[in-house]
Amino acid sequence: MAIKVSNVQKTYQSGEVAIHALRNASLTIPDREIVTILGPSGSGKSTLLNVIGGIDGFDKGSIEIAGSKLEELNNHQLTEFRRKHIGFIFQQYNLIPALTVEENIEVGKELSTSPLDMKEILEKVGMLDKKDKFPYQLSGGEQQRAAIARALIKNPEFLLCDEPTGALDEDTGKNILHLLKFVNQTFGRTVLIITHNQGIGEMAHRVIRMKSGEIIETDENETPIDPE
Ligand code: ADP
Ligand code: ADP
């Protein structure tokens, strides 16, 4: 069940000015791929990820994902779709400040179908010894690992990552990429990653380049490598 985006348009109205965040975006993403989305700031990367994940609506076109056509779903159905199928990872982690690491991960558990239990997931992301810490007690990399654990415990088919390493130093960023690669390889999850880092493209099966709300190029990579 691939992701199929067909002729999607999304326009924001800013006063008199229409901002074409997506002009005519089409692409197909086969299952079990790692896909990176590259492009300058403002080119529509976040908008593309958000419409695929059902966070944002769109004006025209069609998005088929997980057996649904998103344009046919009402708000309630969209929420259900997101809860069942999508894990989001953001640049700023979006952990709940008043909850510990373990409690934050619990938030993702409600519809869990993960083969891993809490302890295994904490071990996998290297956060077992930090499970009782609060977000403010953690480094950026640790917070991102907790956020990935929260997404993993739900076991979503699609992991959508908006600049997951954007706030991290290079080594910590590589750590996070290894973890995403692991999720892709071990659980066969489809992973979409928005990034400014060209290097991340080397670990992807597919690299998408955007410009001014359009997908201008898609490269397939037969031999993705591990991030060093
Ligand atoms: P990118 O992720 O590539 O930086 P975005 O998808 O965030 O690009 O934005 C694409 C365009 O849409 C930009 O011109 C941006 O300013 C505009 N945009 C994004 N979100 C909104 C919004 N909520 N309201 C108005 N304009 C927006
Ligand atoms: P990025 O470059 O990381 O994609 P942006 O700075 O484009 O981030 O956008 C950050 C957030 O602000 C997004 O949620 C986007 O929808 C919103 N946003 C971006 N541009 C605008 C805008 N012109 N008006 C209102 N919201 C915007």
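The values are calculated or read from the model by the stated rules, or taken from the named source; none is laboratory data. Everything quoted here is computed from the prediction, not taken from an experiment. Glycine also receives a Cβ, built like all others from the backbone with ideal geometry; neighbour counts cover every protein chain displayed. When the accessible area is computed, the model is the full protein with side chains, heavy atoms only, and any ligands, DNA or RNA have been set aside. Shrake-Rupley method; radii C 1.70, N 1.55, O 1.52, S 1.80 Å.
Just checking: which of the helices (runs of 4 or more DSSP H) contained wholly in region 38-115 hold 1 or more residues that are over 19 Å from the mean Cα position of the chain (by Cα), crowded, with 22+ Cβ neighbours inside 10 Å and more than 16 Å from ligand 2 (Cβ to nearest atom)?
Fully inside region 38-115 and qualifying: 101-107.
Out of curiosity, is residue 131 modelled with pLDDT under 90, basic (Lys, Arg) and either open to solvent by 20 Å² or more (accessible area, probe 1.4 Å) or under 16 Å from residue 182 (Cα atoms) (or both)?
Spelling it out, it is not the case that residue 131 is modelled with pLDDT under 90, basic (Lys, Arg) and either open to solvent by 20 Å² or more (accessible area, probe 1.4 Å) or under 16 Å from residue 182 (Cα atoms) (or both).
What number of residues within region 1-37 are more than 16 Å from ligand 2 (Cβ to nearest atom) and part of a loop (DSSP other than H, G, I, E, B)?
Summing the residues that are more than 16 Å from ligand 2 (Cβ to nearest atom) and part of a loop (DSSP other than H, G, I, E, B) in region 1-37 gives 6.
Return the only residue of 213, 141, 166 being within 16 Å of ligand 2 (Cβ to nearest atom), open to solvent by less than 10 Å² (accessible area, probe 1.4 Å) and modelled with pLDDT of 85 or more.
213
Tell me which residues, restricted to region 3-47, are in contact with a Ser or Thr (Cβ under 6 Å, 6 or more places away or on another chain) and without any contact (Cβ under 8 Å) to a residue 40 or more places away in the chain.
18
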